[in-house]
Structure formats: C-alpha cells, structure tokens
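One structure below.
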Amino acid sequence: MDGSSKEALMEEAPPRYTASPRLPCIPHQLKCLLIVVVVVVVLVVVIVAFLLLGLHITETHAETVLRMTIHGLDGEGTPQHLSMSKKERTGTFAVRDGLNASAMVVYDYSKLLVGYRSWRHRACYITRVDKDNIPGLDAVTETFQHREAETKEAGDNAMPLADRSILGTTVNILCSTVPIYWV
C-alpha cells in the first residue's frame with residue numbers, strides 16, 4: 001500500500017452531520033401528554049376491535065333462526081311465513097284467521113306440542129302430536145279454528161290449563177296473557 005494515499009485520507013476532514021429535526025418549541029409536558037393521548041387512542045381502537053370480533057363470533061354461534069316464505073305447490077296462493085329456531089326446536093307460522101286477522105301456529109318439536117293463538121280471541125289452544133305423524137299446517141289450522149268456533153258458540157266451560165311448565169318457551173311467551181285450552 002502506498003503511504004501517500006493514507007496521508008491524503010487522514011488530512012481530509014470527516015463529513016459534517018446535522019442534528020436531527022426536533023419538534024418546534026413544544027414543551028416537555030405537552031410532548032408527554034401527546035404520547036399518552038396517542039397510546040390511549042390506540043388502546044381504545046384495539047379494545048373496540050376485539051369486542052366487535054367477539055360479538056361477531058358469539059352472534060354467529062348463539063342461535064340460528066331461519067326465516068322463509070313458503071308458497072303453494074303451484075307458486076300461487078297466500079304465502080306462509082315460517083320462523084324456525086334450531087335451539088328450541090320450534091317452527092312458528094303466521095296464518096290468516098278470517099278476513100282481517102291473523103293467528104300464530106307454533107310447532108314445538110322438542111315437547112311434541114302444537115300451539116295456536118288467534119289475535120281476535122282471548123285464548124290459546126294446544127294439542128299433542130305424534131312424533132311419526134305430525135299434521136300439516138292446513139289441518140292444524142282448521143282443527144284449531146273449528147274448536148275455537150265450537151267454544152264460542154256453545155259457551156264451553158272448559159277449564160284452562162293450570163300447569164304451564166309442560167309448554168316450551170315459545171308457546172309460553174305467545175300465550176302468556178291468555179288462558180290455554182287443550183284441543
């Protein structure tokens with residue numbers, strides 16, 4: 001190696017570095033406050049994100065309710081609205097009861113009961129069904145409406161159901177304010 005090149009390198013001054021830019025004239029307490037605010041905002045965003053994720057997960061696993069509209073075989077006729085609860089094993093139909101009235105029919109597959117509540121009358125009707133022979137909606141609706149008409153005409157003095165513990169949650173809520181009769 002040549003000694004003269006070493007001397008030339010040593011004679012040159014090293015490059016000058018400038019100081020890093022600082023926040024202009026902000027007091028130390030304000031800097032600390034700004035850092036604390038940024039940290040709190042980041043924590044709030046992270047917590048809200050986890051809460052929303054948890055809500056989404058529990059919502060999808062909680063209870064699946066299927067709602068659908070069913071038309072007749074030929075696509076004609078009055079559509080029937082069905083709500084099914086997988087958790088309670090029930091199916092709830094809204095049916096017509098006369099000209100301007102509706103009624104609810106609840107199939108409770110866990111208790112093997114069918115409940116009927118007309119909004120025109122102050123009573124609920126229930127019946128047991130066979131597990132292997134569950135009647136169709138039309139047959140059930142006709143049976144309940146016929147029984148309701150008989151009760152109204154004859155002034156039937158049947159005793160209402162006293163023990164509501166045999167009913168499922170859906171039928172109990174539907175018929176909570178009216179007497180319940182067996183059909």
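The values are calculated or read from the model by the stated rules, or taken from the named source; none is laboratory data. Computed from a predicted model, the values in this text were never measured in an experiment. Reconstructed Cβ throughout: ideal geometry from the backbone, glycine too, with neighbour counts over all protein chains shown. SASA here: full protein model, heavy atoms, side chains in, ligands and nucleic acids out. Shrake-Rupley method; radii C 1.70, N 1.55, O 1.52, S 1.80 Å.
Table for the structure above
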quantity: 23 Å Cα-Cα reach of residue 111 towards lysines, excluding residues that sit fewer than 8 places from it in its own chain; calculated: 86, 87, 131
quantity: Carbon plus sulfur fraction of accessible area for the range 77-155, probe 1.4 Å, in percent; calculated: 50 percent
quantity: Calculated P(r) of the range 92-134 - Cα pairs past 12 Å, %; calculated: 59 percent
quantity: Total formal charge among the other residues, if their Cβ is under 13 angstrom from that of residue 176, Lys/Arg +1 and Asp/Glu -1; calculated: +3
